[in-house]
Amino acid sequence: MIAYIIRRLIAAVVLLFVVSAVTFSIFFLVPKIAGGGPESLASRYVGRSATEETVKLIADRLGFYDPVVVQYGNWVKGIVVGSEYDYGAGVEQCPAPCLGYSFITQQPVWPDLLDRAPVTLSLAVGAAVIWVLAGVSIGVLSALKRGTMFDRGAMGVALAGVSLPIFFTGLISLTFFSYTLGWTARGGSFTPIEENPAEWAYALILPWITLAFLFSAQYARLTRAGMLETMGEDYIRTARAKGLAEGRVVVKHGLRGALTPILTIFGLDVGLLLGGAVLTESTFSLNGLGKYAVDAINNNDIPKVMGVVLFAATFIVIANLIVDLLYAVIDPRVRTS
């Protein structure tokens, strides 16, 4: 088990290294191949009114004339131990992890990500709890009541949840529950949980439910298919022949055997959402990582975009690492292999 964990940790570090290299190449190597020079990047820091000499001077001080490999090494070094940025008027100290400075605000990217992360984390975790509990429960009941009205109705709702885009269900729910009935908070409000837990939950309950409606539909369908397969296995009949209670047979033997694919997509879904629920945050005007990424792309703010990509990739890698470790807990065959 220890060797398995070490292998997965090494693989996670290697994957993050590859993601960082690919991300850096997209924003620095590809434009250079396409004909863009260091001056085009440096001009982002000095504005359009700067002279050509000023732009070249800034490009030289920021290292844009260095080979791409050297620039990538300096970028990685900034993430690990911090970096210094020489703008001419003075030297800016950027402590680790340094993801660079915004083209627009001239502020370091890392504090901005930390400021937006609680919104995205609150949205992802709250919605994940709802969709797992609802999706798995409905899937188990549908499998046990196969062919009944409940089964057909639940799968029909699940099909609608998978088919309808989040911006459609989000706008409909906002119009009906917030603006018409006034039951939930309107978009754009967020209160940190440490300040007021009640207001924190009130502001996020509608985004939670809307996001969970999309994901719980997938989990219900997947759980139903897995339960139908496992409940027909020989070990299920053996457990019943031993006189075990039906609830124990379903939960301990049937559901546990169907959890592996559910755990796989759960790690992917949570990792992606922690990197920024773009459509949900934009629909409900939440200032999380997703909306931060959209604004950075619209403004062509490369340091912000690179920071969000690497931040999101870290969440995805960590989520998949946790899933790999949980495999060994749920399925003994992983430990023995």
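The values are calculated or read from the model by the stated rules, or taken from the named source; none is laboratory data. Quick caveat, the model's predicted, so the values are computed rather than measured. All Cβ positions, glycine included, derive from the backbone under ideal geometry; neighbour counts span all protein chains shown. When the accessible area is computed, the model is the full protein with side chains, heavy atoms only, and any ligands, DNA or RNA have been set aside. Shrake-Rupley method; radii C 1.70, N 1.55, O 1.52, S 1.80 Å.
Please report the net charge: other residues with Cβ closer than 14 Å to the Cβ of SER137, K and R +1, D and E -1.
Residues near SER137 contribute +2 overall.
In nm, to one decimal, how far is the modelled label at VAL91 from the one at GLN106, with both set 7 Å along Cα→Cβ?
Taking the two extended label points, one gets 1.9 nm.
Starting from the eigenvalues of the Cα gyration tensor, five times each then square-rooted, give me the equivalent ellipsoid semi-axes of the chain, largest first, whole Å.
46, 26, 16
Run the accessible area of the range 143-248 with a 1.4 Å probe and give the carbon-and-sulfur part as a rounded percent.
After summing per-atom areas, the C and S share lands at 63 percent.
Please get the size of the charge dipole for the range 178-337, origin at its Cα centre, with Cβ charges of +1 on Lys and Arg and -1 on Asp and Glu, quoted in debye to the nearest 20.
Dipole about the Cα centre, nearest 20: 720 debye.
Given the rule -39500 (n - 2.57) for each run of at least 4 DSSP H residues, summed and divided by the residues of the chain, what is its mean residue ellipticity at 222 nm, to the nearest 500 deg cm²/dmol?
Calculated from helices alone, the mean residue ellipticity at 222 nm is -22500 deg cm²/dmol.
Hey, how many Å between the Cα centroid of the range 207-256 and the Cα centroid of the range 108-164?
Using only Cα atoms, the two centres lie 16 Å from each other.
Per residue, how much accessible area does the range 111-248 show when a 1.4 Å probe rolls over the protein heavy atoms, in square angstrom?
Here the per-residue accessible area is 54 Å².
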